[in-house]
1. Per residue, how large is the accessible surface of the stretch 74-134? Use a 1.4 angstrom probe and give square angstrom.
2. In debye to the nearest 20, how big a dipole does the stretch 71-164 give about its Cα centre with +1 on each Lys and Arg Cβ and -1 on each Asp and Glu Cβ?
3. Grab the eigenvalues of the alpha-carbon gyration tensor for the stretch 67-138, scale each by 5, take roots, and send me the semi-axes largest first in whole angstrom.
4. Computed over the Cα atoms, what is the radius of gyration of the stretch 58-104 divided by 2.2 N^0.38 Å, N being its residue count?
5. Using only Cα atoms, figure out Rg for the stretch 95-177 and give it as a multiple of 2.2 N^0.38 Å.
Amino acid sequence: MHRKLVVGAVIVVALAATIAAASLSSAGAVVGTVGAWGRGWSGQGAAAGAVPDIGRAQKLTFKATTLKLKFVDADGDGRQDAGDYVIFSEQLTNLSGTTVKGVDTVRCTLNVAGHGVHLVQCDGEFVLDRGEIIVSGLASPLVAVTGGTGQFSNARGQASVDSIDPDTEIITVWLTP
């Protein structure tokens, strides 16, 4: 029974990745394909064999609107406590919301530091037409840019997230080569 659940879950994830890739390319956001584990998004940017380089410091700003959000109560106790997590994806547009720039996918895990202090560790990626930007860190005013792919392969820096309402955020990414 457990094996059937795992195989079923793998099929659902593969189908979802295929649908997401088709949806994004039809929306004009990104043209590419998703490889194993949802990685390997290959945009139409850098030439094969070229060493990508962001070249100079950059500031990217996006309006992020929730596409999907799922809270997982990992231990099933009905409370939000250590080990529980939320997974979500957002559409990234320009600030006016008129031009699709890509998507982000994020997983945030709740950790408990003690005495009622809750910390949230988030890992995510911004999938853009020029490559991916990877972020990781505590959900505080800033998270670290830890790397990327494509034209962002040597990127470092930080990102901030400012909530507008429960479904909308302004994300600012400062990149350094």
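1. Solvent-accessible surface per residue comes out at 51 Å².
2. So the dipole magnitude of the stretch 71-164 works out to roughly 380 debye.
3. 29, 13, 10
4. Relative to the 2.2 N^0.38 Å estimate, the stretch 58-104 comes out at 1.58.
5. 1.17
The values are calculated or read from the model by the stated rules, or taken from the named source; none is laboratory data. Quantities reported herein were computed from a predicted structural model and do not represent experimental measurements. Positions of Cβ are backbone-derived with ideal geometry, glycine not excepted, and every protein chain shown enters the neighbour counts. Side chains included, ligands, DNA and RNA excluded: accessible areas come from the protein's heavy atoms. Shrake-Rupley method; radii C 1.70, N 1.55, O 1.52, S 1.80 Å.
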